[in-house]
1. Condition first: touching a strand residue (DSSP E or B) at 6+ places or on another chain (Cβ under 9 Å), modelled with pLDDT under 95 and over 16 Å from Glu211 (Cα atoms). Now tell me which residues in region 161-173 satisfy that.
2. Looking only at strands (runs of 3 or more DSSP E) that lie completely in region 191-254, which have at least 2 residues being within 25 Å of the chain's Cα centre (by Cα), at pLDDT below 95 and of a type outside the set (D, E, K, R)?
3. Which one is surrounded by the most Cβ atoms within 10 Å (Cβ to Cβ) among residues in region 1-42 that are among the hydroxyl-bearing types (Ser, Thr, Tyr) and closer than 27 Å to Ser91 by Cβ?
4. Out of all the residues in region 238-269, which are more than 16 Å from His223 (Cα to Cα) and either outside the structural domain of Pro281 (by TED's automatic domain parsing) or among the aromatic types (Phe, Trp, Tyr) (or both)?
5. Using the structure shown, decide if Ser141 is within 19 Å of Ser128 (Cα to Cα), without any contact (Cβ under 8 Å) to a residue 60 or more places away in the chain and either of a type in the set (A, V, I, L, M, F, W, C) or surrounded by fewer than 18 Cβ atoms within 10 Å (Cβ to Cβ) (or both).
6. Which condition number in (1) in a strand (DSSP E or B); (2) surrounded by fewer than 17 Cβ atoms within 10 Å (Cβ to Cβ) is the one that Glu162 fails?
7. Confirm whether Val175 is within 22 Å of Ser141 (Cα to Cα) and assigned to a loop (DSSP other than H, G, I, E, B).
8. So which of Gly177, Gly183 ends up being assigned by TED's automatic domain parsing to the domain that holds Val208 and surrounded by fewer than 17 Cβ atoms within 10 Å (Cβ to Cβ)?
Amino acid sequence: MKLYRLIGILTVLLQNDKTTALELARRFEVSRRTILRDLDSLCGAGIPIVTTRGGDGGIAIMSGYKINKNVLTTDELQSLVAGLKGLDSVSKQSNFESLMLKLAPGNNAIVSLSGSIVIDLSSHYKDSLSEKIALLKQAISERRAVTFDYYYDKGEMSRELEPYFIQFIWSAWYVFGWCRLRGDFRRFKLGRLWNLSLTDERFELREVPPEQAGGGFAFSKQHNVKILFDKSVRYRLIEEYGLNCYEETADGLLFSLDYSSSDYVFSWLLGFGDKARILAPEATRAKFAALVKNIFSLYH
């Protein structure tokens with residue numbers, strides 16, 4: 001929230017010739033001391049803020065710096081609005097309207113941008129997801145460990161985590177942090193994480209290896225499979241992987257896929273029914289055939 005407040009303070013200073021710490025504190029619903037710390041942060045970032053004493057005194061940006069009163073362009077505002085609305089879709093309370101009023105009070109043009117791009121990051125279990133995100137945000141801010149039950153392919157396990165940040169990757173929410181059970185950094189999908197609780201145990205931040213902090217794990221490429229699709233599902237391949245993602249042959253659409261989890265590939269292929277066939281490697285083809293036979297046996 002500090003970043004939003006800093007943007008808001010800067011906007012107020014650019015839109016007005018002068019203001020006071022008391023007025024800023026009232027506007028952003030924080031203490032005067034917090035506003036003074038924020039002003040120090042803005043000065044440290046290179047914004048030339050000056051203060052004057054007396055009856056006509058106040059806080060302002062140095063004359064000559066105010067080149068353009070429009071801090072953000074229309075495209076930048078649109079991106080900011082879309083992002084805020086997207087976060088509101090998984091928040092317990094809406095922050096969009098109040099922040100927009102603080103950024104540019106009375107500017108209806110900004111609010112009207114909210115309908116041009118809509119991002120919905122929620123799911124069919126939105127209420128519980130919002131609760132999890134709110135609790136994890138508190139844990140991260142206060143550097144407190146959390147406990148939860150985690151459900152995965154090998155069953156269920158209780159975990160204790162020192163949370164570092166929350167991520168939305170591809171189509172799911174994750175929490176990343178130091179797993180005390182494994183003694184290493186781990187990433188847990190919020191949809192599989194239940195009975196989340198905040199503990200009183202504090203933790204010190206460790207250095208996160210750059211290769212573990214990003215979201216590339218979801219697209220890691222450890223294996224490859226060749227698949228022949230019927231031409232009738234061309235639109236689905238284009239939808240998910242883009243134009244020219246396949247080679248058109250007389251027998252169908254030849255598709256090459258790099259993957260890390262065969263479970264994901266198999267569940268994806270089953271959605272195509274009889275419109276997809278694994279060609280190679282033979283071991284993957286045999287494993288998938290065994291899965292299909294097991295499914296067939298459930299109905300006979």
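1. Within region 161-173, Ile166, Phe168, Ala172, Trp173 meet the criteria.
2. Qualifying strands (runs of 3 or more DSSP E): 193-202.
3. Thr11
4. Tyr241, Tyr246
5. Considered against the rule, which asks whether it is within 19 Å of Ser128 (Cα to Cα), without any contact (Cβ under 8 Å) to a residue 60 or more places away in the chain and either of a type in the set (A, V, I, L, M, F, W, C) or surrounded by fewer than 18 Cβ atoms within 10 Å (Cβ to Cβ) (or both), Ser141 comes out as no.
6. Result: Glu162 passes all but (2).
7. no
8. None of the others qualify; the one that does is Gly183.
The values are calculated or read from the model by the stated rules, or taken from the named source; none is laboratory data. Bear in mind that the values here come from a model prediction, so they are computed numbers and not experimental data. Ideal geometry is used to build each Cβ from the backbone, glycine not excepted, and the neighbour counts take in all protein chains shown.
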